[in-house]
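Written out below as structure tokens is the structure these notes cover.
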Amino acid sequence: GGARFLRQVPPRRAEESLTDHRAPGVSLMSGLRVVLDTNVLLSLRVFAGTARGRESEFAPLRQRMDSGAFLVLGNPGCFAEFRRVLGYPEFGLAPDVQQKIYDEHLGIVHLVPPGLGDGNPLPICRDPDAQQFLELARDGGAHYLVTADKALLHLARHRLLRGMFGIVTPERFGSWSA
């Protein structure tokens, strides 16, 4: 049950320019749309917060995310993957803790319904599991896909993504919003 928390993603306004948000040193604005891949979500939700009782270098980014400094986009496929990965035994998270983390995430995420995007072509990622994040970024009108996945980062300068969204590391994204 956490679906009751989801909010529909608001339409991206035509006057929102990707270049307004890409320059280093620009502070984040409330209209900034961001896709966080599963590993980044784990870093922010499991290792940067109170679920494990420790702070990390990503704690300030998590605080900005939870305060609504930017819109976090999601879709059913990405939610399912996050939920599945929370249950991995190596994280040692009890079922009630997994549910709490999942519900906290659903409480701030904006749902991108299937078929919302314009269908612009995307590059094919070498990691088939990561393709869904490219699709979510396109379909949700994201400004950034935040990832540490080498296969996704390799596509950052791909011609098909030019003018659509940027692909950046969490460290780089966090430094722009500090």
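Taken together, the values in this text are just the output of simple stated rules run on the coordinates, not laboratory data. Predicted model only: the values in this text are computed from it and were never measured. Ideal geometry is used to build each Cβ from the backbone, glycine not excepted, and the neighbour counts take in all protein chains shown.
Give the relative contact order (percent, whole number) for the stretch 59-168; include only Cα pairs under 8 Å separated by 6+ residues. Show your work: numbers first, answer last.
Values: 110 pairs, mean separation 26.3, N = 110.
Computed over the stretch 59-168, the figure is 24 percent.
Mind checking the full-extension length gain between ASP118 and ALA59? Use 0.36 nm per residue of separation minus the Cα-Cα distance, one decimal, nm. Can you show the working numbers first?
On the way: separation 59, 0.36 × 59 = 21.24 nm, distance 3.44 nm.
This chain segment gains 17.8 nm when fully extended.
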Extending each Cα 7 Å along its Cβ direction at SER175 and ALA94, get the distance between those two points in nm, one decimal. 4.0 nm
Which residues does a label at ARG84 reach in the stretch 118-140, if reach means a backbone N under 20 Å from a point 7 Å past the Cα toward the Cβ? 125-137
With θ set to phi - 60°, apply the Karplus curve 6.51 cos²θ - 1.76 cosθ + 1.60 along the stretch 150-158 and write out the HN-Hα couplings as whole Hz, x wherever there is a Gly or Pro. 4, 5, 6, 4, 4, 8, 3, 9, 5
